[in-house]
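Any read-out appearing in this document is the output of simple, stated calculations on the displayed coordinates, not a laboratory observation. Only a predicted model underlies this, so the values are computations on that prediction, with no experimental measurement involved. Note that we place each Cβ from the backbone using ideal geometry, even for glycine, and neighbour counts take in every protein chain shown.
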């Protein structure tokens with residue numbers, strides 16, 4: 001996603017977001033002690049589960065092909081090189097990079113061979129129609145532990161949990177108008193979660209592309225790298241103006257309301273069929289570079305530290 005528009009410089013340009021986004025007001029941190037593999041929580045009263053994956057497959061198995069598409073290579077066919085973000089790894093379907101661990105988690109593991117070539121993994125939901133019912137709400141949630149690596153050994157790590165507007169599939173050049181919700185992004189082992197909205201036109205526009213509209217904060221209690229945290233995105237059409245919200249462990253740290261952008265921009269990212277959800281772990285690229293002031297990956301980066309995903313679930317609440 002990057003050429004004509006640079007995407008990833010574009011989409012994940014969330015990337016540029018980086019240091020420029022000040023951590024939101026510090027919220028009281030309450031330590032959470034959850035087991036490594038917790039069951040998907042039942043939907044709260046009034047909510048209905050429309051998609052869920054608990055990653056309970058056998059050790060070494062790929063995620064369900066009924067639920068997920070495995071992206072491979074350095075780009076979508078006909079799309080921007082390096083996924084539009086400048087990331088350098090080759091995505092594969094090799095269980096060494098992508099596998100369930102037999103303990104209820106999905107592991108996405110970046111590896112480097114003797115020649116210095118990086119591999120990792122990226123998946124996206126088969127479904128691309130996640131959106132709230134009219135007058136209702138949508139919730140996308142995942143319980144994730146970022147790669148447990150910090151400092152120079154983490155310089156270039158870029159884990160993400162996010163969603164893209166369905167019209168992007170097969171086009172790859174209509175970003176950011178179709179919309180992108182970055183539910184959880186992190187780079188370089190920093191103890192911070194970034195939440196970003198991408199929309200409108202690139203560069204500039206109502207979402208300040210390629211940076212996007214950004215919020216960030218440290219993870220509550222334990223650091224983002226040392227523990228699992230729950231990352232949530234909500235799209236609420238039951239309130240006026242409609243609003244997007246980002247939360248970590250139930251604590252809101254970012255929001256964008258409908259009246260913060262023009263009507264056409266809002267319609268372009270909300271009036272299509274819906275969104276698909278993605279999980280990936282990139283190495284290098286614009287966002288890690290911008291947060292380090294250097295070219296990543298750095299010379300001390302250590303391969304082999306996985307992002308662990310306990311579950312992904314999508315819920316809706318009726319009008």
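Rounded, prolate or oblate, given the Cα gyration tensor of the range 190-301, with a/c below 1.5 counting as rounded?
oblate
Find how many whole Å separate the alpha carbon centroid of the range 81-132 from the alpha carbon centroid of the range 159-230.
What the calculation gives is 17 Å, centre to centre.
Restricting things to alpha carbons, tell me how big the range 240-319 is in terms of Rg and Dmax, in Å.
So, for the range 240-319, Rg and Dmax equal 17.9, 53 Å respectively.
For Cα pairs less than 8 Å apart in space and 6+ apart in sequence, what is the mean separation divided by the residue count of the range 131-239, i.e. the relative contact order in percent?
Details: 226 pairs, mean separation 38.4, N = 109.
So the answer I get is 35 percent.
What percentages, rounded to whole numbers, describe P(r) for the range 94-164 computed over all alpha carbon pairs with 5 Å bin width beginning at zero?
Histogram of Cα-Cα distances, whole percents per bin: 3, 10, 18, 22, 17, 12, 8, 5, 3, 1, 0.
Enumerate the whole-percent occupancy of each 5 Å bin, from 0 to the last occupied one, for all C-alpha pair distances of the range 107-232.
Taking all Cα pairs of the range 107-232, the binned fractions are 2, 9, 16, 19, 19, 17, 11, 5, 1, 0, 0 percent.
Using a cut-off of under 17 Å, list every residue of the range 162-206 whose amide N is near the label point 7 Å from the Cα of residue 96 along the Cα-to-beta-carbon line.
The answer is none.
Hey, for a label at residue 72 modelled as a point 7 Å past Cα toward Cβ, could you say which residues of the range 96-128 have their backbone N under 15 Å away?
So the set is 96-99, 119-124.
Name the most mobile residue of 112, 245, 122, meaning the one with the largest mean-square fluctuation, in a Gaussian network model of the chain with Cα contacts below 10 Å.
Between 112, 245, 122, it is 112 that shows the largest mean-square fluctuation.
Considering the chain as a Gaussian network with a 10 Å cut-off on Cα pairs, which listed residue, 216, 45, 120, attains the greatest mean-square fluctuation?
45
Two decimals is fine: what's Rg over Rh for the chain, C-alpha atoms, Kirkwood radius as Rh? Spell out each step's value before the answer.
Details: Rg = 17.8 Å, Rh = 19.2 Å.
When Rh is taken as the Kirkwood radius, the ratio is 0.93.
Given a Förster distance of 45 Å, report the FRET efficiency between residue 48 and residue 115 from their Cβ-Cβ distance, rounded to the nearest 0.05.
The formula returns an efficiency of 0.35 here.
Pick from 106, 62, 155: which residue has the top mean-square fluctuation in a GNM of the chain where Cα pairs under 10 Å get a spring?
Result for the chain, Cα springs under 10 Å: 62 fluctuates most.
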